[in-house]
Every structure is written in structure tokens, then in C-alpha cells.
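Here is the structure we will look at.
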Amino acid sequence: MSDPAMEQVEPASAALAARLVGVSLRYGKRLALDGIDLDIPPGKMVALIGPDGVGKSSLFSLIAGARTIQQGRVEVLGGDMNERAHREAVCPRIAYMPQGLGKNLYPTLSIDENLEFFGRLFGQGAEERERRIAQLTHSTGLAPFRKRPAGKLSGGMKQKLGLCCALIHDPDFLLLDEPTTGVDPLSRAQFWDLIDSIRADRPHMSVLVATAYMEEAARFDWLVAMDEGRILATGTPEDLYARTGTKTLEEAFIALLPEERRHGHRAVKIPPRDTGASDIAIEAKGLTMRFGDFTAVDHVDFRIERGEIFGFLGSNGCGKSTTMKMLTGLLKATEGQAWLFGRTVENDDMATRRRVGYMSQAFSLYSELTVRQNLELHAQLFHVPAADVPGRVTEMADRFDLDEIMDALPDALPLGQRQRLSLAVAMIHKPEMLILDEPTSGVDPIARDQFWQMMIDLSRNDKVTIFISTHFMNEAERCDRISLMHAGKVLISDTPAAIVEKRGSGTLEEAFIAYLEDASDADCSGDQVPAESQPAAAPEPGRTSSSPMFSKRRVVSYAWREGLELTRDPIRATLALLGSALLMLVMGYGISMDVEKLPFAVLDRDGTTTSQNYALNLAGSRYFIEKPQITDYAQLDRRMRSGELSLAIELPPNFARDIRRGNSVQIGAWIDGAMPQRAETVQGYVQAMHAQWLSDMAAQKLGVRPSSGLVTIAMRYRYNPDVKSLVAIAPAVIPVLLLLFPAMLTALSVVREKELGSIINFYVTPISRLEFLLGKQLPYVALAMVNYVLLILLALLIFRVPISGNILAMTLGAFLYTLSSTAIGLVFSIFMRSQIAALFATAIGTILPAVQFSGLINPVSSLEGAGRAIGTIFPTSHFVTICRGVFSKGLGFGDLFHPLLSLAVAFPVILGLCVLLLKKQEN
């Protein structure tokens, strides 16, 4: 909460950009925001400063309307964000750029296509979109790259494109959540120069920024310091300096922390390194890594001495992590060589690898194991002798201050403690070298200082070589030497002071920017802001944009974008087309109710021509295939157990003689009953063949066949005269596949946005729930209809099942059915948060009712209870009726009115359910 001694200065205007009163937010048991009271002045550059996990992003999502307000009141641009009407009215006046490089972008879409998508969402016509896209790309220096996919842009260019997408509709309130994290200093400087230029033309625009870089926050008009979900203080940078008696924002932030957080903190002390004769710990010559045509690391050379702290600086994607993986043997270099402690780095050289500790950029320990168990596990993985493991674990706990959390799970720990645990795990086997990939990213200043003091002690006292990458210039100044890296190349390697001196700069960041500018000019990358910018014309402040209840343009925007992504993703297209065709072949031939070509053998204990004639009667049928005779019961049991025989016939001794004398004869028929339905069919076949044989024998002996009575039944089969399963199964498989694949692909299209984070665009843009759902659905309906044509061709050309009815009636049914099947996929997507879960849930939730309750094998009328209810309302049942009716029974529109009507009703019901269940805010 705001400090009484640092009351905010009320702006001259009565209106505020935002006001939060008593706002609290929980994620389960974790309190993310704790009673926040905050006024954000209008027309100012306001920064929220603090490390990761203090509640900055949560606060942003509440102000943007992307998250449900649990407690308190949030007012933005003069209205309550808890009211749906105000959120919808104010949405076109707010722009939200979420945390993460390009998180609101679509990687397969070009710069132009991303901007066009956002322009359509905000209701802009083609002429207006093109004008704004041209102005924004020119002002940001992106104009030469308008056709380049967003996924192939540098970190700085992604952030500029994200900013363009946020500014496409001229917002009054711009929210930027850590927009420069992971971006090199040059791109950071260009980004803020661009913001200043835009604000010069639009002075009324309020800008709220979250940042972990204290040095860039010093340029803002108003600061809000946050820690553990609370406001520490607000005011101008000069106010904070005056209050805390400090000279930098990082020092001021530390001074503002509660006493219990600051207890024991002391400034980092760096004793001089012994520069006497030292061994070479790491050496690289011409180290190169290519991924296809892309060169991630380009002929890197450096040499690091034992006990040295060597810093690796550069933006995300410049090749730092790739270089580190090559040095540890995790990646094999395309060219060049690397040596660790004088030995060539090899992928299978475990002896050398045990001398290295590696701490990855992301937390990579086991969250289901306690701190103690993680330490013990990694000690065993690095072959620490069993007798030494307890002592080594105790030593790491003491050294890295983990004693009080040894039985806690890592997920419950603050970020700083997790980083200390990662360092302890990396040191558990006492390596001679540590490779640390951005170990302090997002950590609060106190934890970062503690972490660095530990590393300095390891370097100076234990002679551990430390190879560390970082984005923070004040951390780089603590290294003995640093390398500046850009686009896979090392620009310079030297001590921080020497680099500043060589460049004639005032600070290390200024020197780094100068080297990056030279490299950018040499590469002609164009990733810089032109001298003259032409931002979009500023509208009048406080405007309101009318947004229709339903906009075809917004539906088309999402459908157009989804269609582009679908055509550029060969895996999804292949899954949709070839997958369904393959399953059509498998199911068409594999699902058969025909009981034919049954293997049988005879145990003939009579050995006469009559007994042989009985066996020939079975062998001459298309239903049975005779196998070699059975010699005894043991062989009969063995051959039936192995599955070689489905039927065994035992003819008793004196079979022929007893028949001639009219004595009663018992023939044994052993049937494989593992599949009851099949066994009953075999029983019927055997009884019918037996009766036929007796009739033939009577006709042969007596000259006449025995009478079967005055009334006989003459069997005739309509629609499928040969009673072949394929004629019934092939048309019924089409509805199953038109349910399975369209539903899966539609569900994945929504859940993929949740995983990537681009779902935020649905939360914070004017698109309604119905528009979003229809836009996501339509491309997959079109794809499903292509699938339908392919499956019909397979049925006609491969399975030779002719169409005897009205194909237009079936096509109309297919269209109505694919609307329902894709809507079912949308239902599953609402509840799933990962693509794997969505894939399994949708597959199981569609294939089971489609196969069991929709008439594929057993008629719906024969089902009972819940199965009958599911079969009656499930769309697949009605389309199975349509497909079989058109293929086999010659049915048309009039005959199929009721199933067509059922499908027409099913779609709006399912879609309406989706609209009710889908939330336009995160909980």
C-alpha cells in the first residue's frame, strides 16, 4: 500500500488513467496482490519497478481487463472494470503488450499480416489499415521487413512489432509489461526513443510500464515500487532518491524494502584476482553452430583462465546459450574446436563433463522433490561416493543458506532461493568450472547481490572458473572480463573498464550500444529507428469507439489469421487430410462383422468315406477353410489355444455305421468362444451346414428331401444383397472421422493460443466470445468439407461402395455435421490448458460415443438407458443415418428431413453452450 510519507501528487485533471482501491488477488493459496491502493496519473510515463513475482503482471492484467477482479475496485479511464459494459466500451482505448518477447504476436505471420490482423480486430477498413501500417512500420524502422515472419525477427524487432500492434488503434492508455526484457541495450534505447517520439505527438496518452531494469526506469515521470504484492512507495525518481538518501534506483529500491528483507544485506565486495600464472580453463577457436541455413554462433574465439569470472553479454537469440551448450558437450559444434582444461570437448566425454557445473536459464530441477532430495539426486548422478553424499549435502546447505528450506518443495520457494538451490546443485560435485546462463534474471536486487557474492567467493577462494551470461550492465561490471556478442559473433572481449576506455564512452552500456551500432551498420540490418518518424495522427483524447454487437470483420479477422497459420503448418494439414484417409482405410477394412474363412480341422475317429464327406461339406463353403486333421485331444487344445483354429469337429468312431442303422450320433463341435458374438455366428453356420448335409444325405438315399412343413421362409436381402460388412461400415466410418479430426484440430487451435500466450489478444481486444469462436471454427469447417470429399472418393473408388441416393442431401448433412463436430472441439478447448491434454480429451470424448452409441455397429434402437440417450442426441447418430441412407437405400431430402433437422438444431445448441462457458477474462 502507498506510504503516507509519499502521497501522490494529484494531477491537475480530475480524471485519472487508473485507480485501484483495496485490490487483492490470489492464485490458489498464494497471495499475488495484497490490498493495493494506487492512483495512476494521466498523460504520464509511469513505471512499476520490482523483480519477477511481486505482482506487476497481475496488476497489469487487472487494469487491462484481462483478469477477473477478486477483491477491491479497479477504475480505468473513468469507469469500473468489474462492469462488462464499461470493459467493452473502454477496450478500444486501451492497448496491452504482455510480458515476453512477441507474446502477443503470431510467429508464422509476417509483420504486415500481424498488423493487419490487429487492425481488423479494431474495425479498421482496408485503406485505414494500410495507412496506419505504413506509418507505424516507417516510424519503427520495420518498413524494409514487412514481409518477414515475426518468428524470424530479432528480439528488438519483435518488441517493436508488438508495440506497433498495440498502437494500431491509437489507444489512450498504453500498458507495456517488461517490454525490453531480453533485448540488447541498443534495441532498448531505440524502443524508449520511439515511445518518447510517439508521446511527443500524443501528449495525452498515458503509459504504464513494468520493468526490472532500474537504470531505464529512472527516465520515467512517475515510479511505483512493488514487493511481495504490496506498494512500497510512489513518486518521481528524485522523490525516491531524496527519501532514501541514495544515488541510484537499485539502491533506493533496496532501502525501501522492509527491514526483515534487508537484514544482513551488504554491498558486493570484489577482491582482486590473483593474476599469476594460471591454467587455461576454457578455450574456443572458430566455434560455429549452424541450424540448417541459420548460423547461431559464427566463428567465436576466446580464452578463459582458471578462477576467472567471464561475462557473456548479448540479447536473446544472439547465440549465448548455444555457445554454452557447445562448451559442455550438449551440442556438437558444426565447425571449430573447444577445449576444457586442455581436453577437447566431446559429446561422450563424461570425465571432463563432471568437472563442469551447468545452471540453465530456466529453473530445471525436479519440482516434485524437496530441496534435500534434489541435492541428493544430483550428487548420485555425478557419482559422488555414497558415504560422502550426506556430508556434501550438509556442506551445500550451509554454504548457500538452504538449511531452513531443506524439506520444502522448489515450487513453494521465492525465486531468489530457487536460484541459490540451482547453484548448490551445480556445485554439489565440486566442479572446477561453472557455466551459468542468466542466473539472476528476474531476481530482486538483494538476492542478486547475495548470489554474486557467493560466485565471487567461489572464484577467489576455490579457484572455480565462472562463465556467466547476463543482461544487466551493473552485473557485467563485476566480471573480470566480458565478451559482447551480437548475431552469433563476438564483438569484443576485454575487461569492462578497458572496453569503456577503448570506446571513449561514459558507461559500459554506452560502449555496448556503440559496438552494436557499428555491427548493425556493417550487417545493414536496418533494425534501428530512422531519424525522422511519422507516427499515426493522434486522435482526440477521451474518445469512445463504437463497437457493434456482432462484427463480421472481426470474425473474418480471426478466420483469416487461423487459415494462414493452418496453411503454413504442414503437420496440421497432413494430420487433417492424410490422417483421416489412412484411418478410413484402416477402419473400412479392419472393422468387419463378416465371419468368413474360418480355420477349422477335423478329429476323424471313423475314417470312412461318409465321415470324409461330412468334412468336405464344411470345406466347400466360403465360410470355412480346412486345416490339417487333428490327431488327438492334446493337439486340439494346443491348436485352438494358439488361435490356429476357430472350430474343431470331432466325428466319433462308427459314425457311418450308426447313421446307416439309424442310431443316434453325437458330433462334437469345439468353438473358440473368446469373442461371444463371433462364436454364436459360427454356431449358426455349423448348425445350418449340418442340416444341409443331412438333407443332402436323405435325398441321396431316399430320393426325396425331408419336408420342412407347409410354410417356408424365403430370405431376400435389400440394399446389401451379399450382406457384406464393407457396404455398411465404409459409409458409417465417414461420420466418425469427420468428428474426430475436425474436433481435435479446432480444440488445438484454441489451446495452442493458451500455451503460447496469444490468447491475451482475445481478452483485451473488442472481439466478442461468439465472434472469436466462429472465427476459430470456420477454417476447420472448410478443411472438414475438403476431408469429406476425400473420404467420399475413397468410399467410391477404393471400397467400391456406390451412391444410390441424393448426394446433395448428404453434402448438406456433412456441412451441418462439421459445424457441430468443430463446435464440440471448441467445448473441449474451454476446459483444457495444454495441447496434449486437449488432444487426448477430444479424441476420447469423440471417438467413444461415435463408435459405441451412434449406430456404427449396433443400431441406436437396440441400446438401453444412458447409451440410448447419448445415441439419440449425439450428432454422429444422425449423420450415420444420412450416410447409410444415401449410399445404400437411395434416400433423398424428403426421407432425411428429420436427421437433417436434428443436425441443424445441434450446432446452435453446442455453440451456445460454448459461448456460455467461455470466459473473456482469466480467473
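Any read-out appearing in this document is the output of simple, stated calculations on the displayed coordinates, not a laboratory observation. Because the structure is predicted, anything quoted here is derived from the model rather than measured. With ideal geometry, Cβ positions are generated from the backbone for all residues, glycine too; neighbour counts draw on all protein chains shown.
Under 5 Å between amide hydrogens, built in the peptide plane, is the criterion, and for ILE309 it picks out ILE466, ASP480, ARG481 among residues at least 5 positions away or on other chains. Between helix 126-140 and the chain there is an angle of about 50 degrees, using the helix long axis and the longest principal axis of the Cα atoms.
Only helices enter this figure: runs of n ≥ 4 DSSP H residues, each worth -39500 (n - 2.57), summed and divided by the residues of the chain, yield -15000 deg cm²/dmol at 222 nm to the nearest 500. Shape class for the chain: prolate, because the ratio a/c of the largest to smallest gyration tensor axis (alpha-carbon atoms, square roots of eigenvalues) is 1.5 or more and a/b beats b/c. Projected label points at ARG800 and ASN858, each 7 Å from Cα along the beta carbon direction, are separated by 3.2 nanometres. With 0.36 nm allotted per residue and the present C-alpha distance subtracted, the LEU578-GLU260 stretch has 108.2 nm of extension available. Amide H to amide H distances under 5 Å link GLU922 with ARG67, THR68, where only residues 5 or more positions off or on other chains count and H is placed in the peptide plane. Estimated at 0.36 nm per residue, the fully extended path between TYR27 and GLN380 surpasses their Cα-Cα distance by 123.5 nm.
Taking 0.36 nm per residue of sequence separation and removing the Cα-Cα distance, the ARG303/ALA387 pair yields an extension gain of 26.5 nm. Residue by residue, the range 162-170 carries 3J(HN,Hα) couplings of x, 5, 4, 4, 6, 9, 4, 10, 6 Hz when phi is fed to the Karplus relation 6.51 cos²θ - 1.76 cosθ + 1.60 (θ = phi - 60°); x denotes Gly or Pro. What the Cβ-Cβ distance of MET785 and ARG84 gives, at R0 = 45 Å and to the nearest 0.05, is a FRET efficiency of 0.80.
Placing dummy labels 7 Å off each Cα toward the beta-carbon, the span from LEU793 to ARG638 is 5.3 nm. Between LEU340 and VAL345, the built amide H atoms are under 5 Å apart, and every one of these is 5 or more places off in sequence or on another chain. Applied to the range 777-788, the Karplus parametrisation 6.51 cos²θ - 1.76 cosθ + 1.60 on θ = phi - 60° returns per-residue 3J(HN,Hα) values of 7, 4, x, 7, 5, 4, 5, 5, 5, 4, 4, 4 Hz, with x for Gly and Pro.
Considering only beta bridges that DSSP places wholly inside the range 305-507, some 30 percent are antiparallel.
Take CYS318, CYS883 and order them by how many other Cβ atoms sit within 10 Å, fewest up front.
With the sparsest Cβ surroundings first, the list reads CYS318, CYS883.
Each of MET785, MET675 was scored by other Cβ atoms within 10 Å of its Cβ. Listed from fewest to most, they are MET675, MET785. Remark: the range 78-93, residue by residue, has Karplus-estimated 3J(HN,Hα) of x, x, 7, 6, 7, 9, 4, 4, 6, 4, 5, 6, 8, 3, x, 9 Hz, where x stands for each Gly or Pro and the curve is 6.51 cos²θ - 1.76 cosθ + 1.60 at θ = phi - 60°. Summarising the strand pairing of the range 13-261, around 55 percent of its internal DSSP beta bridges are antiparallel. In the chain, the longest principal axis of the Cα atoms and the axis of helix 835-852 are about 20 degrees apart.
Taking R0 as 56 Å, what's the FRET efficiency between ALA674 and ILE807 from their Cβ-Cβ distance, rounded to 0.05? Before the final figure, lay out the partial values.
Working: r = 41 Å, r/R0 = 0.74.
With R0 = 56 Å, the Cβ-Cβ based efficiency is 0.85.
The order of GLU130, GLU376, going from fewest to most other C-beta atoms within 10 Å of their C-beta, is GLU130, GLU376.
Do you know the relative contact order of the chain, to the nearest whole percent, from alpha carbon pairs under 8 angstrom that are 6+ apart? Walk me through the numbers on the way to the answer.
Numbers: 1564 pairs, mean separation 106.6, N = 923.
Relative contact order comes out at 12 percent.
If you take every DSSP beta bridge fully contained in the chain, what fraction is antiparallel? Give it as a percent rounded to 5. Of the beta bridges lying entirely in the chain, close to 50 percent run antiparallel.
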